[in-house]
Amino acid sequence: MKLTRSHALIAAMAVVIAVLTWALIYFARDEWGALPEEREDEIATPSTAGLEQGRAIVRISPESQKASGIEVQALKPGKSEAAAEAYGMVMNLQPLAEMRGRYLTIAAEARALRAAAAASESEFRRMESLFRDDRNVSEQALKSAEARYRSEHARQLAAEQSAAAVRDSMRSAWGETVTGWAINPDSRVMQALLQQSSFLVQLVLPYDLPRNAVRGKISVAPATARENARPARFVSDSPQIDAALPGETYFYVVDGGGLRAGMRVLARAGLGGAPVAGVIVPAQAVVWHAGKAWAFLKQNEQTFARYEVSAAEELDGGWFNAGGFQPGDEVVVSGAQLLLSEELKYQIRNENED
């Protein structure tokens with residue numbers, strides 16, 4: 001009897017399992033049938049980006065270009081004078097400011113002592129005159145007046161010597177011109193430097209750079225942001241050296257913000273002579289990637305290639321490039337960031353597949 005019941009229970013469980021298996025297969029048949037098609041679509045989807053001869057390209061149909069607002073513009077020819085590049089650093093003016101503060105304090109004290117010495121000398125001369133005129137003052141009073149005068153005069157000389165020592169220290173570190181700004185409490189240039197509306201930059205220029213180029217047209221930009229170039233005004237030779245760079249050192253003043261003490265800068269010094277021919281890449285065509293400037297050059301109706309742009313020299317609303325482009329080349333001026341995004345998607349997809 002027990003054996004019969006066990007057989008019945010096993011049979012019932014087998015029936016239940018069979019029914020559940022059939023239901024699972026029946027209701028999942030649509031999903032299983034669609035799975036191969038989805039895999040086929042993924043494999044068949046073509047990429048719009050790739051590499052040709054080591055250069056990144058993006059392909060996009062004319063219809064998609066119009067829908068995405070992609071526009072191109074022909075490059076215009078341009079000319080630029082030859083220039084030499086050099087590096088330098090934004091100077092930290094804290095040591096100069098401290099010496100300036102000491103000098104102005106001592107100089108003010110010396111002026112006060114000079115006035116006191118002049119007054120005590122006048123009193124001494126008056127007492128001396130009275131003493132000689134039938135001894136109208138006592139000899140003791142005369143000696144006291146002389147002692148005061150000698151003491152005030154000695155203090156004046158000590159203060160003036162201290163001020164001169166501070167001034168000489170500034171001159172040895174910063175040169176005559178910068179020291180002249182520092183010791184003048186009314187110097188507007190010094191005030192601008194301390195308020196950081198202007199910056200003192202030390203450039204290390206090649207030994208063979210002509211002197212007229214040193215004092216000529218020079219632009220300065222942060223080494224990591226060449227597009228932010230601005231004019232620099234020659235100040236003087238620099239008594240300091242740059243241990244990291246060989247060459248002769250000079251001071252320049254650069255107006256405007258965006259610089260920081262200790263920042264490395266890149267300078268371009270015009271050399272004069274015959275201008276160099278090239279093209280002007282419009283600023284709106286430039287996209288930044290991996291710390292460099294790029295532009296997409298149109299190769300045919302649906303292919304665009306990414307080319308590096310030199311951002312060393314800004315000219316007429318764009319960047320002057322002597323190589324890499326030709327006048328008449330068409331570059332993307334609207335939608336370049338979109339093309340870069342498509343290219344980066346392709347790179348990420350390839351990395352995932354690897």
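The values are calculated or read from the model by the stated rules, or taken from the named source; none is laboratory data. Source: prediction; values computed, not measured. Counting neighbours? That spans all protein chains shown, and the Cβs are built from the backbone with ideal geometry, glycine included. Side chains are part of the model used for accessible areas, which takes the heavy atoms of the whole protein and leaves out ligands, DNA and RNA. Shrake-Rupley method; radii C 1.70, N 1.55, O 1.52, S 1.80 Å.
GNM on the chain, alpha-carbon springs under 10 angstrom: the most fluctuating residue among 334, 151, 169 is 151.
Relative to the longest principal axis of the Cα atoms of the chain, the long axis of helix 29-44 makes an angle of roughly 50 degrees. Calculate, for residue 126 and residue 161, the FRET efficiency according to 1/(1 + (r/R0)^6) with r their C-beta to C-beta distance and R0 30 Å; round to the nearest 0.05. For residue 126 and residue 161, the calculated efficiency is 0.55.
One compactness figure for the stretch 236-354 is 1.43, namely its Cα radius of gyration divided by 2.2 N^0.38 Å.
Taking every alpha-carbon pair within the stretch 203-292, the share separated by more than 15 Å comes to 67 percent. Using only Cα atoms and rounding to the nearest 10 degrees, what angle (0 to 90) does helix 336-353 make with the longest principal axis of the chain? On a 0 to 90 degree scale, this one is about 60. In order along the stretch 141-156, the phi-based Karplus estimate (6.51 cos²θ - 1.76 cosθ + 1.60, θ = phi - 60°) of 3J(HN,Hα) comes to 5, 5, 5, 5, 5, 5, 4, 4, 4, 4, 5, 5, 5, 5, 5, 4 Hz; Gly and Pro are listed as x.
Close amide H partners of residue 271, meaning residues 5 or more places away or on another chain with modelled amide H under 5 Å apart, are 82, 83, 84.
Each principal axis of the Cα cloud of the stretch 164-237 was evaluated for its coordinate range; sorted largest first, these ranges are 40, 30, 19 Å.
Here the Karplus relation 6.51 cos²θ - 1.76 cosθ + 1.60, evaluated at θ = phi - 60°, turns the backbone of the stretch 177-189 into coupling constants of 5, 5, 4, x, 5, 5, 7, 9, x, 9, 5, 5, 4 Hz, with x for every Gly and Pro. Convex hull volume of the C-alpha atoms in the stretch 94-149, normalised per residue: 51 Å³. Between residue 154 and residue 326, what is 0.36 nm times their sequence separation minus the Cα-Cα distance? Round to one decimal in nm. Full-extension gain reported as 54.3 nm.
Measuring spread by the Cα atoms of the stretch 81-200 yields a radius of gyration and Dmax of 22.8, 85 Å. Sorted from greatest to least, the principal axis extents spanned by the alpha carbons of the stretch 53-138 come out as 116, 30, 25 Å. Our coupling estimate for the stretch 94-110, obtained by passing each phi through the Karplus curve with A = 6.51, B = -1.76, C = 1.60 and θ = phi - 60°, is 4, x, 5, 5, 5, 5, 4, x, 5, 4, 5, 5, 5, 5, 5, 5, 5 Hz, Gly and Pro reported as x. Using the Stokes-Einstein relation with a Kirkwood hydrodynamic radius computed over Cα pairs, the translational diffusion coefficient of the stretch 121-162 at 4 °C and a viscosity of 1.567 mPa s comes to 120 µm²/s.
Magnitude of the charge dipole for the chain, about its Cα centre and with charges confined to Cβ atoms of Lys, Arg (+1) and Asp, Glu (-1), is about 1280 debye. Between the amide H of residue 78 and those of 278, 279, 280, distances stay under 5 Å, these residues lying 5 or more places away or on another chain, with hydrogens modeled in the peptide plane.
By the helix-only formula, in which each DSSP H run with n ≥ 4 contributes -39500 (n - 2.57) and the sum is divided by residues, the chain has a 222 nm mean residue ellipticity of -16000 deg cm²/dmol. Taking amide H as placed 1.01 Å from N in the peptide plane, residue 289 has its amide H under 5 Å from the amide H of 294, each at least 5 places away in sequence or on another chain.
Mean sequence separation of contacting Cα pairs (under 8 Å, at least six apart), scaled by the length of the chain, corresponds to a relative contact order of 26 percent. Taking the square roots of 5 times each eigenvalue of the Cα gyration tensor of the stretch 110-268, largest first, gives ellipsoid semi-axes of 54, 15, 12 Å. In the chain the Cα-Cα distances spread across 10 Å bins starting at 0 as 5, 15, 15, 13, 12, 9, 8, 6, 6, 5, 3, 2, 1, 1, 0, 0, 0 percent of all pairs.
The accessible surface of the stretch 164-215, taken with every protein chain in place and a 1.4 Å probe, is 48 percent carbon and sulfur. Working from label points 7 Å from Cα in the Cα-to-Cβ sense, the residue 104 to residue 260 distance is 2.7 nm.
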